[in-house]
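Asker: Dumping the structure here so I can ask a few things about it.
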Amino acid sequence: MIKLTQLFKEFFESEKSGGMTLIVCAALSLILANTPLSDSYIGLWNTYIGGYSLAHWINDGLMAIFFLLVGLELEREVYVGEMSNFRDASLPLFSALGGMMMPAGIFLLFNYGLVTQDGVGIPTATDIAFAIGILSLLGNRVPASLKVLLTAMAVIDDLGAIIVIALFYTTSLSMVNLGIALGIFALLLVLNRMKVHSLIPYLLGGAAMWYFMLNSGVHATITGVLLAFAIPFGNGDKNSPSYGLQHNLHIPVAFGILPIFALANTAIPIAGDWYTSLTQSNSLGIMLGLLIGKPIGATLFSFIAVMIGVATLPKTINWKHVIGVGFLAGIGFTMAIFITVLAYDDAELVNNSKIAVLVGSLIAATIGYVWLRMTLPSPIPEEVVIEMHSC
């Protein structure tokens, strides 16, 4: 039986509540962008500060902190969590790989050779907060192993998205700035090896690394993940700098950074014939990638991993549950919108892609929730739980 660590519980709880907050913020932003206040509201996010728009500062700056939290969670999983040994890590690893490769393949079926093919990374992403938020609606009928599978899969998925961003969405490269950024990273690794546990030099170094990474052409959010692995993990207890920082970032990221990102990036003016854009090759590739590619890819690759003996399926879940998790992984939202902004320059194409992401994510969330509600066992009545604990 899986025993959840306190930090994992905190991560899951913050993501659960954050997912609900994201839904509210996205809905509010869509409403404001389609009222008489539209021009002022959209103009707010396009306000330039220090040479960059407010939306750009959010996407390149605040989201680096989000990726720092993702990196810290990934580090914890690698050292002491589900990915601390290959056999435990294999199931979410194969699920995530299938959940990235299959949607990318489906997208390319519709867009290969077209100007829209740069959006291939859009349907490969999973929104951790949104997906966990939907799973949490099922209450205590969800076994711990299913929570861990979805969370680990989503974290690996986000790491994959970071790699995709670094490799395919770097438009120009300044080797000098990149060299300085990587030099700072190397210095932080030296501090780690010297057992410097104060967070101050790491955070100051991280800020400097972010600045040079921003000016290198490589997307600055990569800094967050690099910084996470430079911060000392130790034995992972409450005295660990990594543990302390991850603990302190949960609330501001879940209830500050991600909601602000949602507000800024779902300010989408929707025309009366908005649904016609859903039949375009780009939108079809995104939606079908999320709705079909994710569950098929995640389930198929997981099944192969179990069949060849490199992974095991936890006793508390079955393949129907894995399919349900695959649908929840089709909730792209934050990460999919994030990659959309990087992939395209045309404003109309960006808006149409965002609409496809929202529609696909909403349908995936609905199917995933209904599917798991039908296939998971009924929740244990509260009075029975109390009686069991009293025995």
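The values are calculated or read from the model by the stated rules, or taken from the named source; none is laboratory data. Just so we're clear, the structure is a prediction, and the values are computed from it rather than from any experiment. So basically every Cβ, Gly included, is an ideal-geometry build from the backbone, and we count neighbours across all protein chains shown. Surface areas here come from the heavy atoms of the whole protein model, side chains and all, with no ligands, DNA or RNA. Shrake-Rupley method; radii C 1.70, N 1.55, O 1.52, S 1.80 Å.
Asker: For segment 244-323, rounded, prolate or oblate, judged on the Cα gyration tensor with a ≥ b ≥ c (square roots of eigenvalues), a/c < 1.5 rounded, else prolate if a/b > b/c?
Answerer: Because a/c hits 1.5 or more and a/b fails to exceed b/c, segment 244-323 counts as oblate.
Asker: Quick one: with all protein chains in place, what share of the accessible area of the chain is carbon or sulfur, to the nearest percent (1.4 Å probe)?
Answerer: The computed percentage sits at 69.
Asker: Something else about it: Would you please name the trypsin sites (Lys or Arg not before Pro) within segment 302-357 that are DSSP coil residues with at most 11 other C-beta atoms within 10 Å of their C-beta?
Answerer: Sites meeting the loop and neighbour criteria: LYS315.
Asker: About the Cα centre, and with charges only on the beta carbon of Lys, Arg (+1) and Asp, Glu (-1), how big is the dipole of segment 260-360? Nearest 20 debye, please.
Answerer: Taking the Cα centre of segment 260-360 as origin, the dipole is about 580 debye.
Asker: Rank these by accessible area, largest first, 1.4 Å probe: TYR243, TYR275, TYR112, TYR369.
Answerer: These residues rank, largest area first, as TYR112, TYR275, TYR369, TYR243.
Asker: For VAL78 and GLU348, FRET efficiency with R0 = 35 Å and r from the beta-carbon atoms, rounded to 0.05?
Answerer: After rounding, the FRET efficiency stands at 0.25.
Asker: Along Cα→Cβ, 7 Å out, is where each label goes; now give me the distance between the ones at ASP237 and ASN34 in nm to one decimal.
Answerer: Here the answer is 5.4 nm between the modelled labels.
Asker: With 20 Å as the cut-off, how large is the P(r) tail for segment 154-255, expressed as percent of Cα-Cα pairs?
Answerer: Here the long-distance tail beyond 20 Å is 43 percent of all Cα pairs in segment 154-255.
Asker: What is the gain in length, in nm to one decimal, between ASN215 and PHE255 on full extension, counting 0.36 nm per residue of separation less the C-alpha to C-alpha distance?
Answerer: Using 0.36 nm per residue and subtracting the Cα-Cα distance, I get 11.5 nm.
Asker: At 0.36 nm per residue, and after removing the present C-alpha to C-alpha distance, how many nm does the segment from ASN248 to ALA208 gain when stretched out fully?
Answerer: Working it through step by step, the gained length comes to 12.3 nm.
Asker: I would also like to ask the following. Taking R0 as 51 Å, what FRET efficiency do you get between ILE363 and LEU199 from their Cβ-Cβ distance, rounded to the nearest 0.05?
Answerer: With a Förster radius of 51 Å, E is 0.75.
Asker: Taking a virtual spin label 7 Å from the Cα of LEU159 along the C-beta vector, which residues in segment 91-129 bring their backbone nitrogen under 13 Å of it?
Answerer: It comes to 91-97, nothing else.
Asker: Still on this structure, I have one more. Under DSSP H, which helices of the chain have Cα atoms covering 27 Å or more of the helix axis and a Kyte-Doolittle average no less than -1.0?
Answerer: 6-32, 86-111, 144-168, 347-375
Asker: How high is the FRET efficiency from MET307 to TYR112, r the C-beta distance, R0 35 Å, rounded to 0.05?
Answerer: Step by step, r from the Cβ atoms, then E = 0.70.
Asker: Please give the solvent-accessible surface of VAL341 in Å², to the nearest 10, using a probe radius of 1.4 Å with every protein chain present.
Answerer: Near enough 50 Å² of accessible area.
Asker: State the extension gain, in nm to one decimal, for the chain segment bounded by ASN140 and ARG373, taking 0.36 nm per residue of separation less the distance between their alpha-carbons.
Answerer: Extending this stretch completely gives an extra 82.7 nm.
Asker: Over what distance in Å are the Cα centres of segment 107-152 and segment 296-347 separated?
Answerer: Here the answer is 6 Å between Cα centres.
Asker: Could you tell me which of TRP274, LEU37, ALA152 has its Cα farthest along the dipole of the chain towards the positive end, charges placed at Cβ (Lys, Arg +1; Asp, Glu -1), taken about the Cα centre?
Answerer: ALA152
Asker: Further, regarding this structure: So what is the calculated 222 nm ellipticity per residue for the chain, using -39500 (n - 2.57) for each DSSP H run with n of 4 or more, over all residues, to the nearest 500 deg cm²/dmol?
Answerer: One gets -22000 deg cm²/dmol as the mean residue ellipticity at 222 nm.
Asker: Suppose accessible area is computed on protein heavy atoms with a 1.4 Å probe; arrange ASP158, ASP273, ASP345, ASP237 from highest to lowest.
Answerer: ASP345, ASP273, ASP237, ASP158
Asker: State to the nearest 20 debye the size of the charge dipole of the chain about its Cα centre, where the only charges are +1 on K and R beta carbons and -1 on D and E beta carbons.
Answerer: 740
Asker: Another question, if that's okay. Taking a probe of 1.4 Å, how large is the accessible area per residue of the chain, in Å²?
Answerer: Value for the chain: 44 Å² per residue.
Asker: Quick one: compute the contact order of segment 211-349, relative version, from alpha carbon pairs under 8 angstrom and 6+ residues apart, as a percent.
Answerer: 17
Asker: Hey, another quick one. For the chain, calculate the relative contact order in percent as a whole number, restricting contacts to Cα pairs under 8 Å that are 6 or more residues apart.
Answerer: 30 percent.
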